[in-house]
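Participant: Pasting a structure below so you can have a look.
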Amino acid sequence: MISISFINFNLDMGSKTDIKKEHKCLTFADINNPSLRLDDFQIHFIEINRFAEILRNASSDEYNKNKLLSWIDFFTTKDLEKSINKLIGGNIIMPKVIDKYKRFVADEKEMSAYNERDTFLYGQAAMLQYEREEGKIEGIEIGIQQGIKEGIEKTKISMAINMKRDKVDLNTISKYTGLSIEDIKKL
């Protein structure tokens, strides 16, 4: 299984050298036994921002030698028609890719299904974002309520300790703090 993820941010993980790499490939390992690895399962992260910089600075020769650059160029180009010759020169498989892409976007039924799926995913993401914001608000409210309760409880205990030091009767301390006599004795 190979998963390729194009990310629009820099995945700053690993050593100082790794952080600067625009392509990271991860495999699976058992957390209890790191020597047990599943190299047949790979997750590739392609950092678009770093590749865009490489694309801007790459010579024609470098572009043609690095097949990954043509793929990044294909996925990030704003005008495919202007880039076709460059893409084809950079990777021998590009004519097939471009042909499949053109047929895909030309098929109204496929494009409609794709757009519906895209709209659905956008809606899901928007709903998830809304739910996260609501969850944050709810978490803050619960945290504030919990903080107030804890603050009141600490104030009662502090008051009871001070009253006990001043030799106030345990029943009186209980009356004003709401603490049980048993709890006051423990203080």
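The values are calculated or read from the model by the stated rules, or taken from the named source; none is laboratory data. The model shown is predicted, which means the values in this text are computed figures rather than measured ones. So basically every Cβ, Gly included, is an ideal-geometry build from the backbone, and we count neighbours across all protein chains shown. Each accessible area value is taken on the protein alone, full model and side chains, heavy atoms only, with ligands, DNA and RNA left out. Shrake-Rupley method; radii C 1.70, N 1.55, O 1.52, S 1.80 Å.
Participant: Can you list, bin by bin at 5 Å, the percent of alpha carbon pairs in the stretch 109-170, starting at 0?
Facilitator: Result returned by the calculation: 4, 15, 9, 10, 8, 8, 7, 7, 6, 5, 5, 4, 4, 3, 2, 2, 1, 0.
Participant: If you don't mind, another one. Just to check I understand the Karplus step: with θ = phi - 60° and J = 6.51 cos²θ - 1.76 cosθ + 1.60, what whole-Hz values come out for the stretch 122-131, glycine and proline as x?
Facilitator: Karplus values, whole Hz, x for Gly and Pro: 4, x, 4, 5, 5, 5, 4, 4, 4, 5.
Participant: For Tyr122, Tyr114, give the ranking by accessible area with the largest first, probe 1.4 Å.
Facilitator: Working: Tyr122 170, Tyr114 115 Å².
Heavy-atom accessible area, descending, gives Tyr122, Tyr114.
Participant: Another one. Using a 1.4 Å probe and ignoring any ligands, DNA or RNA, find the accessible area of Leu128 and quote it in Å² to the nearest 10.
Facilitator: 90 Å²
Participant: Using θ = phi - 60° and the Karplus curve 6.51 cos²θ - 1.76 cosθ + 1.60, what whole-Hz ³J(HN,Hα) does each residue of the stretch 23-29 get, with Gly and Pro shown as x?
Facilitator: 10, 10, 10, 10, 10, 8, 9
Participant: So how strong a dipole does the chain carry about its Cα centre when Lys and Arg Cβ are +1 and Asp and Glu Cβ are -1, to the nearest 20 debye?
Facilitator: Details: 29 positive and 30 negative charges, 128 e Å.
Value, rounded to 20: 620 debye.
Participant: Using only the alpha carbons, work out the radius of gyration and Dmax of the stretch 28-76 in angstrom.
Facilitator: Here Rg and the maximum Cα pair distance are 15.9, 47 Å.
Participant: While we're looking at this one, here's another question. Okay, helix-only estimate at 222 nm for the chain: each DSSP H run of n ≥ 4 adds -39500 (n - 2.57), divide by all residues, round to 500 deg cm²/dmol; what do you get?
Facilitator: Values: 9 runs with 126 residues, N = 187.
After summing the helix terms and dividing by the residues of the chain, the value is -21500 deg cm²/dmol.
Participant: Antiparallel versus total DSSP beta bridges in the chain: what percent is that, nearest 5? Working shown, then result.
Facilitator: Working: 7 of 13 bridges.
Antiparallel: roughly 55 percent of the beta bridges in the chain.
Participant: Express the accessible area of the chain per residue in Å², computed with a 1.4 Å probe while the remaining protein chains stay in the model.
Facilitator: On the way: 14220 Å² over 187 residues.
Each residue of the chain exposes 76 Å² on average to a 1.4 Å probe.
Participant: In Å, what Kirkwood hydrodynamic radius results for the stretch 17-146 from the alpha-carbon pair distances? The partial results should precede the final answer.
Facilitator: On the way: mean 1/r = 0.0525 Å⁻¹.
With all distinct Cα pairs of the stretch 17-146 included, I get 19.0 Å.
Participant: Please give the Cα centre distance for the stretch 17-54 versus the stretch 103-148, rounded to the nearest Å.
Facilitator: What the calculation gives is 27 Å, centre to centre.
Participant: What nm distance separates the two modelled labels at Ala113 and His23, each placed 7 Å from Cα along Cα→Cβ?
Facilitator: If labels sit at Ala113 and His23, their model points lie 3.1 nm apart.
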